[in-house]
Amino acid sequence: MQASTAAPAPHREPSAKEIRLVIAASSAGTIFEWYDFFIYGTLAALIGKAFFPSGNETLELLLVWAGFAVGFGFRPLGAILFGFLGDRLGRKYTFLVTVTLMGIATAGVGLIPSAASIGIAAPIVVIALRILQGLALGGEYGGAAIYVAEHAPPEKRGFYTSFIQASVVGGFVLSILVVLLCRAAIPADDFATWGWRVPFLLSIVLLLISLWMRLKLSESPVFRAMKAAGETAGNPFIESFTYPGNKKRIFVALFGVAGVLTVIWYTAFFYGLSFLRGAMRMDEGVTEIVVLVAGLISMSFYVLVGKWSDRVGRKKPIVIGAIATLVFLFPIFWGLGALSNPGLAASALSNPVVVSGEGCTFDPFAGKQATECGRLLADLTSLGVSYSVSDSDGEARVTVGREPLALDMADDAGRKVALQAGLEAKGFDFAKQTPSLPNLIGIVALLCALGLLSALTYGSVAALLAEMFPARIRYSSMSIPYHIGAGYLGGFLPLIAGYIVAVTGDAYAGLWYCWAVMAFGLLVAWWGIPGGPPRDFSDGEDPHAPPVSPAMP
């Protein structure tokens, strides 16, 4: 292995038209590929009923999030595989393979018969396709980000690569838009039965468009120069961990960059969507429209932050975003709760719910709780009601505002109906909510605030990661920590947060996971991300040294 990257062979600088094509094709492909991945989460409730039926809504949703997490869990393996190919064979053809694999796997989900038709084979096939999606996604982001970064002039690298970050949000927005259009075109009962499959099948059309655009591209000038000089990496995976100083850079990229950006991203979009239509009982269509509007507005934040980072450096936006997240995360969600379902929030304060009894614990993964008190907790969790538990060796009971409810613990169906009626008598509102227009505007504003927090921690990341690692092993070195962080710290967030909410009975408790990961990531980012103006990778460089003159990476 050589100790330094070779001077690039002479090459023609890309024209402005070529760079626009690079950004457009890379961004469009990223939108389509993340659409494929996110459509699963957008339709989580219907997928749970089709492939993970259990009679327990909480368990069904957790199983869907577990399947969501499995896909993310295989992203690091995809990063290793496609990072190897990207550093050995080239950037362009590697992400042509990833987008093809993603499109085929996504369409496959739309073709799987339900569990009612083929039994246990249905969830097994779904999980297998999620694994393929995770592998594909593990190679996509690194390829698209590096491809744009290696075409961009150094002084505009943050601006140009920020479109890749905005495209990730674009994939989420597109998934919601397609679902809304399908809901409008297909009767509600038909959509619940078979119409939800249409957004998955549409991925074939998106795949063809993406392939058509990306086939117009040429290989990145940096990779062409390395290949001409015969200096591509022999084994990019091994070199990523043996290259001088790379272990520290990978650690910083994992916890100080990927860990920070990914937990606020999934909290802002997926957790926000689940929180509003789940715990706060907002109408599904209204929730999707609100999140769609906020997502569209938020996309511009990523571009603005990327452009800003070209002037102030990559570290400052990330540190500011992390600190702001620690300060404002809980207040923003308290505001969302108060605006989306004011009656539920007020009733929970004026009439606190307390559960007591023997064996008063709740296992979200159990089909039926072992104790009567556990079954009460399951009922309250399915209703989205916050509660506290009081230790007692007596019979299981629920008090609302210090008044006990009369419930027949032997009658599961009747108990839940009586419990809901008793809570409604105390002011709890379980009807689907359609907030007033001023409240909806407030909700959009708070979701945009979450989007801004995400943009601060994410908008400059593609440029930062490209600058942190040597070109010969850049695809592998940035993809591995990015996808470990995004795959495990972020991809498991809906499952972990959902589990925390289920076992605590507190709709806001899941936010502590995001807060804890963010707090640790802030310390790592402050310590390890190079400060000052942006600069290209240089062997033996002191990250706090004055910037070197710009050059192609």
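Just a few scattered comments:
- Counting neighbouring Cβ atoms within 10 Å and putting the fewest first, the residues 480, 264, 19 line up as 19, 480, 264.
- Between residue 16 and residue 201, the simple spin-label model (points 7 angstrom out along Cα→Cβ) gives 4.5 nm.
- Sites residue 430 and residue 326, calculated FRET efficiency, Cβ-Cβ separation with R0 41 Å, nearest 0.05: 0.80
- Restricting attention to segment 351-425, close to 60% of DSSP beta bridges with both partner residues there are antiparallel.
- Using all pairs of distinct alpha-carbon atoms, the Kirkwood hydrodynamic radius of segment 379-505 works out to 19.6 angstrom.
- Taking each of 17/247; 248/307; 156/216; 368/432; 49/416; 17/316 in turn, the alpha-carbon distance tops 29 angstrom for 17/247; 17/316.
- Here the simple spin-label model places points 7 Å from the Cα toward Cβ, and for residue 189 and residue 371 these points are separated by 4.3 nm.
- The chain - Cys residues lacking any other Cys C-beta under 4.7 Å: 182, 448, 514
- Against the chain, whose longest principal axis comes from its Cα atoms, helix 121-149 is set at around 40 degrees.
- DSSP-loop chymotrypsin sites (Phe, Trp or Tyr not before Pro) across segment 112-212, with at most 16 other Cβ within 10 angstrom: 194
- Expected 222 nm ellipticity per residue - DSSP helices of 4 or more, -39500 (n - 2.57), all of the chain, to 500: -21000 deg cm²/dmol
- Estimated dipole of segment 351-425 in Debye, rounded to 20 [Cβ of Lys and Arg +1, of Asp and Glu -1, Cα centre]: 200
- Residue order, fewest to most beta carbons within 10 Å, for 290, 355: 355, 290
- DSSP bridge pairs, segment 344-483: antiparallel proportion in percent, nearest 5: 60
- Across segment 106-114, coupling constants 3J(HN,Hα) worked out from phi with the 6.51/-1.76/1.60 Karplus curve, θ = phi - 60°, read 5, 4, x, 4, x, 9, 6, x, 6 Hz, and Gly and Pro carry x.
- DSSP bridge analysis restricted to the chain gives an antiparallel fraction near 55%, rounded to the nearest 5.
- Sorted from greatest to least, the principal axis extents spanned by the alpha carbons of the chain come out as 82, 48, 43 Å.
- Ordered by the number of other Cβ atoms lying within 10 Å of each residue's own Cβ, fewest first, 151, 483 fall into the sequence 151, 483.
- With the simple model of a label 7 Å out from the Cα in the direction of the Cβ, residue 216 to residue 354 spans 6.7 nm.
- Within the chain: Cβ-based charge dipole about Cα centre, in debye rounded to nearest 20 (Lys, Arg +1; Asp, Glu -1): 1840
- In sequence order, calculated HN-Hα J values of segment 162-176 (Karplus, 6.51, -1.76, 1.60; Hz; x Gly/Pro): 4, 5, 5, 5, 4, 5, 4, 5, x, x, 5, 4, 4, 4, 5
- Long-range HN-HN contacts of residue 282 with modeled amide H, under 5 Å: 277, 433
- Shape call, segment 351-425: gyration tensor on alpha carbons, a/c limit 1.5: rounded
Since every read-out is calculated from the coordinates, none of them should be taken as a lab result. These figures come from a predicted structure and were not determined experimentally. Ideal geometry is used to build each Cβ from the backbone, glycine not excepted, and the neighbour counts take in all protein chains shown.
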